[in-house]
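> Here you go, one structure.
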Amino acid sequence: MFDSILSHLMLIGVLGIGSQWFAWRFRMPAIVVMSVAGLLIGPIFGWMNPAEDFGSLFNPIISVAVAIILFEGSLNLDYREIKGLGKSVYRIITLGALLAWILGSLTAFFIAGLSWAVSFVIGGLFIVTGPTVILPLLRQAKLKARPAAILKWEGVVVDPLGALLAVFAFEIIQFLMLESVTIEALVLFFLASLFAVALGLGCGRGIGWMFENGFVPEFLKSPIVFTVVIACFAVADEVMHETGLLAVTAMGMTLANMHIASLSDMRHFKENISVLLISGIFIMITASLDRETLLQVFDPNILAYVILMLFVVRPLSIWLSTINTELSFKEKALVGWIAPRGIVALTVANYFANVLEEAGYPGASIVTPLTFALVFATVCAHGFTIGPLARKLGLSLEGNPGVIIVGGSSFTTSLAKALKDMDIPVLITDTSFEQLFNARKVGIPYYRGEILSEQTEYYLDMTPYEKLIAATDRDSYNSLVCTTLVPEIGRNDLFQLSWHDPDRDHPDDLVRRVGGRVLFEKGATFAELNRKVEEGYDFVRTKLTKQYGYKKFLQEIEDDTLPLFNFKPTGRFDFFTSEAPLKPEAGDTIVSLVPPDEKIVEPERKNHTDE
């Protein structure tokens with residue numbers, strides 16, 4: 001059906017990003033949707049087989065993509081994030097990984113029927129979780145900061161370690177079973193691993209030094225980092241297969257902890273690239289499987305192996321490795337269950353399946369179906385259960401999506417109180433304690449600090465908040481806040497107050513072309529809104545019914561009444577803006593800023609809600 005390489009690339013891109021959108025729209029694990037899409041166009045309908053179509057380019061494309069994804073994940077590994085969790089993270093990525101390797105190898109030998117040689121190679125490989133699968137799940141589940149940090153660090157750090165363990169096991173097996181392999185080969189392996197770490201550290205330090213001293217122009221920073229990542233991976237991988245992943249992880253962690261001012265811009269670029277690569281790679285790998293592999297997945301030994309890996313090996317390795325750590329029982333239960341395998345497991349397993357089979361090791365032929373069974377089972381099981389389990393254990397951020405309000409004032413405090421009264425999480429942030437006085441007085445959660453500071457993300461958990469309002473008395477600053485936070489929040493959920501003088505032609509004209517969506521209506525400025533609150537305007541709720549709809553509401557309100565936001569029975573809410581008019585429906589509640597003399601009409605309006 002699709003014969004040219006160009007049409008294959010088009011199909012992979014459309015299905016990859018389409019799967020991401022579908023998963024976002026219907027709140028499903030993206031990895032599951034992408035895997036199913038790949039199976040449909042590959043082994044099920046036979047429209048394409050990327051491994052055959054791309055030929056010798058297939059493996060290099062996958063390898064480079066995995067390296068970039070792993071580097072992007074390691075850019076988020078700032079040591080400040082695991083403050084107070086260092087002991088448990090260290091235990092999980094060392095003792096936990098070792099226990100998972102041993103237990104997984106024993107399970108592969110006794111249950112799956114693999115030889116000792118193949119079992120220990122695959123056991124080392126299957127300790128990985130990886131950023132390609134764990135990071136999308138963390139975004140979906142909205143876990144609290146502690147369990148999210150542990151799973152993220154484990155996923156990124158253990159990913160290259162799993163590949164190295166598989167290589168190490170293979171080298172040991174060859175040393176014990178083949179006379180041609182000597183102790184020098186093992187020494188070379190360890191030296192190559194140390195070289196990879198040193199190369200990654202050197203590349204990271206070198207790039208950081210060049211950026212900090214102004215030797216690279218802004219427009220070349222992301223391209224240079226992108227190029228150095230590929231070079232770092234390729235050089236290390238040429239020295240010893242699979243050490244390239246270790247090199248790019250070391251490079252990313254080095255840059256993350258140098259705290260370079262311009263790193264956030266590069267991180268956004270890498271995140272966008274990472275989403276594209278994850279989408280494409282999962283489609284390519286699953287589409288390259290054949291029907292025979294899919295049928296082998298249902299072998300009783302393989303199914304039994306997968307079940308034990310899910311319910312025994314993973315939980316046991318986490319519980320044993322985290323004894324006497326700061327983790328609670330519930331955190332251990334969640335971390336002990338969540339361990340989805342992804343791209344690294346599939347790609348490296350495919351490499352070792354060929355190597356082990358050529359060497360004549362018994363059981364090597366079922367490595368690929370065994371790997372796919374474990375990957376697909378863990379992705380589905382953990383993808384669909386991470387949210388409900390986290391909520392059951394109290395480790396997810398419950399409730400309606402919240403709002404961060406930047407700027408303390410009389411109006412923002414009153415607006416925050418109105419939101420809080422409707423069980424909407426709200427937080428006011430300002431650099432001045434004086435501006436936060438009203439918020440502290442009425443019990444509104446607050447944060448004193450600069451919202452744009454790099455330090456803020458380590459002291460303020462922004463996960464519960466999906467919307468942000470920039471409501472200071474400086475129009476240009478409001479626009480700057482909204483523009484800067486577009487990658488994290490999205491422009492549809494970024495709002496700012498109306499400009500003080502939108503018709504005047506002055507240098508601040510720029511604020512009309514950047515920033516967030518303008519709240520309420522033209523003229524609802526910082527000064528005007530605070531004046532109204534100080535004059536006694538009140539926040540009034542009006543529930544719409546079939547008899548008293550939105551049109552009737554607009555007809556009856558006074559000219560000076562200002563609709564603020566619309567709250568739906570589902571818990572979702574939207575602010576009224578000057579850009580896109582809302583269409584409230586029966587059952588919705590509109591919160592408005594009402595003049596003092598209109599309060600006497602409110603009991604009459606409430607009668608409408610009883611109809």
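The values are calculated or read from the model by the stated rules, or taken from the named source; none is laboratory data. None of the values given here were measured: they were computed from a predicted structure. Ideal geometry is used to build each Cβ from the backbone, glycine not excepted, and the neighbour counts take in all protein chains shown. Only protein heavy atoms, including side chains, enter the accessible area calculation; ligands, DNA and RNA are left aside. Shrake-Rupley method; radii C 1.70, N 1.55, O 1.52, S 1.80 Å.
> Taking K270 as meeting all but one of (1) crowded, with 17+ Cβ neighbours inside 10 Å; (2) of a type in the set (K, R); (3) modelled with pLDDT of 80 or more, write down the number of the exception.
Just one mismatch for K270, condition (3).
> Further question: Given the conditions (1) at pLDDT below 85; (2) surrounded by 21 or more Cβ atoms within 10 Å (Cβ to Cβ), report the number of the one that N257 does not fulfil.
Failing condition for N257: (2).
> Taking interchain pairs and intrachain pairs at least six residues apart, which have beta carbon atoms under 8 angstrom, with the first residue in the stretch 549-567 and farther than 24 Å from D423 by Cα and the second assigned to a helix (DSSP H, G or I) and open to solvent by 80 Å² or more (accessible area, probe 1.4 Å)?
none
> Okay, moving on. Among the residues of the stretch 467-479, how many are hydrophobic (A, V, I, L, M, F, W, C) and within 24 Å of the chain's Cα centre (by Cα)?
Count: 2.
> Going by what's in this entry, would S365 be described as assigned to a helix (DSSP H, G or I), among the polar types (S, T, N, Q) and modelled with pLDDT under 85? Quick ask: steps written out before the conclusion?
Details: assigned to a helix (DSSP H, G or I): yes; among the polar types (S, T, N, Q): yes; modelled with pLDDT under 85: yes.
Yes, satisfied.
> When you scan the stretch 44-65, how many residues do you find that are open to solvent by 10 Å² or more (accessible area, probe 1.4 Å) and part of a helix (DSSP H, G or I)?
Within the stretch 44-65, residues that are open to solvent by 10 Å² or more (accessible area, probe 1.4 Å) and part of a helix (DSSP H, G or I) number 13.
> Could you check G214 against (1) at pLDDT below 90; (2) at negative phi and say which number it fails?
(2)
> Given the conditions (1) touching a residue at least 60 places away in the same chain (Cβ under 8 Å); (2) over 26 Å from I173 (Cβ atoms); (3) open to solvent by 40 Å² or more (accessible area, probe 1.4 Å), report the number of the one that S279 does not fulfil.
(3)
> Let me ask something else. Which residue, of R440, R391, is free of Cβ contacts under 8 Å to residues at least 12 places away in the same chain and under 28 Å from the mean Cα position of the chain (by Cα)?
The conditions single out R391.
> Considering only residues of the stretch 288-297 that are of a type in the set (A, V, I, L, M, F, W, C) and closer than 17 Å to A349 by Cα, which is nearest to the chain's Cα centre (by Cα)?
Among them, the one singled out is L289.
> Of the numbered conditions (1) at pLDDT 85 or above; (2) open to solvent by 30 Å² or more (accessible area, probe 1.4 Å); (3) more than 26 Å from P563 (Cβ to Cβ); (4) not in a strand (DSSP E or B), E457 fails exactly one; give the number of that condition.
E457 satisfies all of (1) at pLDDT 85 or above; (2) open to solvent by 30 Å² or more (accessible area, probe 1.4 Å); (3) more than 26 Å from P563 (Cβ to Cβ); (4) not in a strand (DSSP E or B) except (1).
> So the check is Cβ under 8 Å with 6+ separation or different chains; which pairs have a first residue in the stretch 187-199 that's more than 14 Å from L161 (Cα to Cα) and a second one that's at pLDDT below 90 and of a type in the set (S, T, N, Q)?
From residues that are more than 14 Å from L161 (Cα to Cα), the pairs are F195/T243.
> Please enumerate the residues belonging to the stretch 105-145 that are among the aromatic types (F, W, Y), at pLDDT below 90 and in a helix (DSSP H, G or I).
Hits for the stretch 105-145 are W116, F120.
> Quick one: G394 ticks every box in (1) within 30 Å of F58 (Cβ to Cβ); (2) open to solvent by 20 Å² or more (accessible area, probe 1.4 Å) bar one, so which box is it?
Result: G394 passes all but (1).
> Based on this model, can you work out whether A524 counts as buried (at least 16 other Cβ atoms within 10 Å of the Cβ), modelled with pLDDT of 80 or more, in a loop (DSSP other than H, G, I, E, B) and not polar (S, T, N, Q)?
It is true that A524 is buried (at least 16 other Cβ atoms within 10 Å of the Cβ), modelled with pLDDT of 80 or more, in a loop (DSSP other than H, G, I, E, B) and not polar (S, T, N, Q).
> Restrict the check to the stretch 177-196 and report whether at least one residue is closer than 19 Å to A256 by Cα, assigned to a helix (DSSP H, G or I), at pLDDT 80 or above and not basic (K, R). Spell out how you get there, then give the answer.
Of all residues in the stretch 177-196, those closer than 19 Å to A256 by Cα come to 196.
With the extra rule that they be assigned to a helix (DSSP H, G or I), the set shrinks to 196.
Those left that are additionally at pLDDT 80 or above: 196.
Subset that is not basic (K, R): 196.
Within the stretch 177-196 (the criterion being closer than 19 Å to A256 by Cα, assigned to a helix (DSSP H, G or I), at pLDDT 80 or above and not basic (K, R)), the answer is yes, since at least one residue qualifies.
> Continuing with the same structure: Return yes or no: is I31 within 28 Å of V156 (Cβ to Cβ), among the β-branched types (V, I, T) and surrounded by 15 or more Cβ atoms within 10 Å (Cβ to Cβ)?
Against the criterion (within 28 Å of V156 (Cβ to Cβ), among the β-branched types (V, I, T) and surrounded by 15 or more Cβ atoms within 10 Å (Cβ to Cβ)), I31 qualifies.
> In addition: Write out, first by first residue and then by second, each pair whose Cβ atoms fall under 6 Å of each other, whose residues are 6+ apart or on separate chains, and whose first residue, in the stretch 356-370, is closer than 17 Å to L346 by Cβ while the second is in a loop (DSSP other than H, G, I, E, B).
Hits for this filter: P369/V297.
> Limited to the stretch 529-548, what total is found for residues that are within 17 Å of L497 (Cα to Cα), in contact (Cβ under 8 Å) with a residue 12 or more places away in the chain and open to solvent by 50 Å² or more (accessible area, probe 1.4 Å)?
So the count comes out to 0.
> Considering the stretch 270-328 alone, what residues qualify as being among the hydroxyl-bearing types (S, T, Y) and in a helix (DSSP H, G or I)?
Answer for the stretch 270-328, where residues must be among the hydroxyl-bearing types (S, T, Y) and in a helix (DSSP H, G or I): S274, S279, T286, T293, Y305, S317, S321.
> Give me a count of the residues in the stretch 397-433 that are crowded, with 22+ Cβ neighbours inside 10 Å, small (G, A, S) and outside any helix (DSSP H, G or I).
Adding up the residues that qualify gives 3.
Conditions (1) in contact (Cβ under 8 Å) with a residue 12 or more places away in the chain; (2) aliphatic (A, V, I, L, M); (3) touching a strand residue (DSSP E or B) at 6+ places or on another chain (Cβ under 6 Å); (4) farther than 17 Å from V344 by Cα, marked per residue:
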residue	(1), (2), (3), (4)
I273	yes, yes, no, yes
T286	yes, no, no, no
D299	yes, no, no, yes
Y305	yes, no, no, yes
L310	yes, yes, no, yes
R314	yes, no, no, yes
S317	yes, no, no, yes
L320	yes, yes, no, yes
T325	yes, no, no, yes
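> May I pose another question? Go through the stretch 215-242 and give me each residue that's under 30 Å from A185 (Cβ atoms), open to solvent by less than 50 Å² (accessible area, probe 1.4 Å) and in a loop (DSSP other than H, G, I, E, B).
M240, E242, listed by residue number.
> Which one of the conditions (1) open to solvent by 30 Å² or more (accessible area, probe 1.4 Å); (2) part of a helix (DSSP H, G or I) does E331 fail to meet, given that it meets all the rest?
Failing condition for E331: (1).
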